[in-house]
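Here's the structure, in structure tokens; my notes come after.
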Amino acid sequence: MTIEIKHITKNFGNFIALNNINLNIVPGELLALLGPSGSGKTTLLRMIAGLETIDETDKGEILFNNINVATKKIDERDIGFVFQHYALFRHMTVFENIAFGLRVKPKKERPSNEEIKQKVNKLLKLIQLDGFATRFPWQLSGGQRQRVALARALAVEPKVLLLDEPFGALDAKVRADLRKWLKELQTQLGITTVLVTHDQEEALEVADRIVVINKGKIEQVGTPQEVFHNPANEFVINFLGSVNLFHGRVEEEGRLSLSSTLENDHSKFLIRPHELEIVSPNSADAILLATVKYVQLAGSQVKVELTHLDNEQKHILVEVSHYEFNDKNIKKGDIVGIRPRELRTFQDGAGI
Amino acid sequence: MKTFNDAKSTQNEPKWVQFILIGTAVLFLLVMLVAPLITIFVEAFRKGVEAYFVSFNDAYVLQAIKLTLITAAIAVPLNLVFGVCASWAIAKYSFFGKSLLITLIDLPFAVSPVISGFVYVLLFGAQGWFGHWLIENDVQIIFAVPGIVLATIFVTFPFVARELIPLMQEQGNDEEQAALLLGASGFQTFWKVTLPNIKWGLLYGVILCNARAMGEFGAVSVVSGHIQGVTNTMPLQVEILYNEYNFVAAFAVSTLLAILALFTLLLKYMLEWKVARDLEKLKTDE
């Protein structure tokens, strides 16, 4: 299903939760709404679901397959919704939780008991919880509960699946497993899915496209590669990972010349830790000298923290591979040169 | 139980201090609560079992029991509905004047029951605000059954709401939203999701509400007019019998109220345990 969001604004009292949002959601894609808490991403999701109304004075519209759903009730929207805290019906078994959406259908559309049983068993297999039908929610782990919540949402065959921080309450290992599983499931079912998350890693891993939201405004829409490698502005680059900030100017030969203050002809340069290289202090490519303060060896990359040689207050973070780290024989206390592999600056919000 | 054990392990008072504290509490309970309860039964059976049962073979007594049952049968279901509505509104929505509503619900607890009765006399009595209109239309509220029911509803209003508000606030409305999104109607959501989640708390509130409705004296006394066989409830009848020096009958009717109280306590104990278990489940849910 195509979802078009046109000129949506939402106020809670004096607080502007969403400010003129325009967004198209393509059929079959997994779209992530990514932003810090309070950015309005959950409000947007709840508006798509119909849990929040469009302000009456507002001329915004939400269209499902070109039909305005503003006046449609929640249950007419064909939406599957998964909550952060699962919201399973605590007095019902896993089976009854999944069957709920089928059992509350009007008599004419309601499947027979036998059909419901088949459908629920099929879904239990899909979420790899066959044999758990008679358990109650409190007898399940967090990851299992969230899978039941997903099966419950899928039982009514929704046209859109909306997930509100679905893995937010789970621990790191379960979260990683579950999002991989979700991605496979979503690809297999081909259902249009919108996922809200504040975890950039999660968004980068599962989404086909990412919408970066901040303070009620869309900062950038793009594929994970686009938003990570070609961030539209300073907010996006900061939110999608660590970044080093330099003030300076590009000289004629393409070399960055730093200055301590931000003057008229100087710009801000934002460079990711893996885009910096540690070189010999005598190298002509080095834009500055720095002291190695701390080395973190755990992880897939070595994280090297340095401070400017002339200013202990200015920190730099560089990520290098373990091989490169060993080759260059970097040690704590060394004075080294720093060379950027990429230069990225934003002027008036535009990226280079 | 748990807190008691914890207290014992952290505060190492000498044995004799514990003994005196526990002894004082037990003695106090015996003198102030258990002894009167026993007295009721002793006095009721003073002239034998036969005399006890003869006490109930009296038109006025039977009428009083009937009126008490009728009053409870009207007041309790109404307060059940009011209580659920009020707690739903308070727990699931935010609106202007919410804290005022919560305060108003507690009003009957804060006001002396006699004053609650008087308020109705001032409103509906012959000299009251609506008195003139009521007389013209031949409606009698004060010194009649409607007044007794109104006063009882007023006095027992907080029980259901007070029990449900914290329970519903704790549970939030995610489950209700999930049900609506799955296509359930408002009624289906209430019946299949909300009600099962609050059923033990609701029953607890109803039991307490019922006990108070049947036992209320002050408010009812003001609006009743003490017409024997017409507007006397059980507590009022007990007073009249006692004033007539008919002690056996007075205590015999009292035993019914005492049994109601004991039964209420038993149910309350069982339901408290159920409600606590429901909340426990909620915590493991997070």
Working only within the stretch A:172-200, note down all residues that are buried (at least 17 other Cβ atoms within 10 Å of the Cβ) and of a type in the set (Val, Ile, Thr).
A:Ile191, A:Thr192, A:Thr193, A:Val194, A:Val196, A:Thr197
Could you please give the count of residues in the stretch A:103-160 that are hydroxyl-bearing (Ser, Thr, Tyr) and buried (at least 17 other Cβ atoms within 10 Å of the Cβ)?
0
Within the stretch B:188-197, considering residues that are within 22 Å of B:Val76 (Cα to Cα) and not polar (S, T, N, Q), the one nearest to the other protein chains (Cβ to nearest Cβ):
B:Pro196
Would the stretch A:66-74 turn up any residue that is of a type in the set (A, V, I, L, M), away from chain B (no Cβ under 14 Å) and in a loop (DSSP other than H, G, I, E, B)?
yes
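So that you can scan it fast, the table gives a plain yes or no per residue for (1) at the interface with another protein chain (Cβ under 8 Å from one of its Cβ atoms); (2) touching a residue at least 24 places away in the same chain (Cβ under 8 Å); (3) more than 30 Å from the chain's Cα centre (by Cα):
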residue: A:Glu76; (1), (2), (3): no, no, no
residue: A:Gly80; (1), (2), (3): yes, yes, no
residue: A:Ala87; (1), (2), (3): yes, yes, no
residue: A:Glu109; (1), (2), (3): no, no, yes
residue: A:Glu114; (1), (2), (3): no, no, yes
residue: A:Leu124; (1), (2), (3): no, yes, no
residue: A:Ile127; (1), (2), (3): no, yes, no
residue: A:Phe132; (1), (2), (3): no, yes, yes
Of those in the stretch A:89-101 that are surrounded by fewer than 21 Cβ atoms within 10 Å (Cβ to Cβ) and not in a loop (DSSP other than H, G, I, E, B), the residue nearest to the other protein chains (Cβ to nearest Cβ) is A:Glu96
Could you list, in sequence order, the residues of the stretch B:171-187 that are more than 7 Å from chain A (Cβ to nearest Cβ) and either in contact with a strand residue (DSSP E or B) (Cβ under 7 Å, 6 or more places away or on another chain) or not in a helix (DSSP H, G or I) (or both)?
B:Gly172, B:Asn173, B:Ser185
Quick one: which helices (runs of 4 or more DSSP H) sit completely within the stretch B:199-286 and have at least 1 residues that are under 30 Å from A:Met92 (Cα atoms) and away from chain A (no Cβ under 14 Å)?
B:247-285
Single match in A:Ala169, A:Ala155 (criterion: of a type in the set (Gly, Ala, Ser), closer than 13 Å to A:Glu96 by Cα and touching a residue at least 24 places away in the same chain (Cβ under 8 Å)):
A:Ala155
Here the residues within the stretch A:119-143 that are hydroxyl-bearing (Ser, Thr, Tyr) and closer than 20 Å to A:Arg103 by Cα are A:Thr134
Just name the residue that is farthest from the other protein chains (Cβ to nearest Cβ) out of those in the stretch B:159-170 that are buried (at least 19 other Cβ atoms within 10 Å of the Cβ) and not basic (Lys, Arg).
B:Phe159
Select the strands (runs of 3 or more DSSP E) contained entirely in the stretch A:191-305, then report the ones holding at least 1 residues which are farther than 25 Å from A:Ala49 by Cβ, in contact (Cβ under 8 Å) with a residue 12 or more places away in the chain and among the basic types (Lys, Arg).
A:244-250, A:267-271, A:288-296
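It is to be established whether one or more residues within the stretch A:34-56 are assigned to a strand (DSSP E or B), farther than 21 Å from A:Gly190 by Cα and under 18 Å from the mean Cα position of the chain (by Cα).
Taking every residue of the stretch A:34-56 in turn, at least one turns out to be assigned to a strand (DSSP E or B), farther than 21 Å from A:Gly190 by Cα and under 18 Å from the mean Cα position of the chain (by Cα).
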Per the filter on the stretch B:47-61, residues surrounded by fewer than 13 Cβ atoms within 10 Å (Cβ to Cβ) and either part of a helix (DSSP H, G or I) or in contact with a Cys (Cβ under 7 Å, 6 or more places away or on another chain) (or both) are B:Gly48, B:Val49, B:Glu50, B:Phe53, B:Ala59
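Yes or no, residue by residue, for (1) over 28 Å from A:Gly168 (Cβ atoms); (2) in a loop (DSSP other than H, G, I, E, B):
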site: A:Pro27; (1), (2): no, yes
site: A:Ala32; (1), (2): no, no
site: A:Ala87; (1), (2): no, yes
site: A:Pro111; (1), (2): yes, yes
site: A:Glu115; (1), (2): yes, no
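Just so you know, all these numbers are worked out from the coordinates, no wet-lab data involved. All values reported here derive from a predicted model rather than from experimental measurement. Note that each Cβ is placed from the backbone with ideal geometry, even for glycine, and that neighbours are counted across all protein chains shown.
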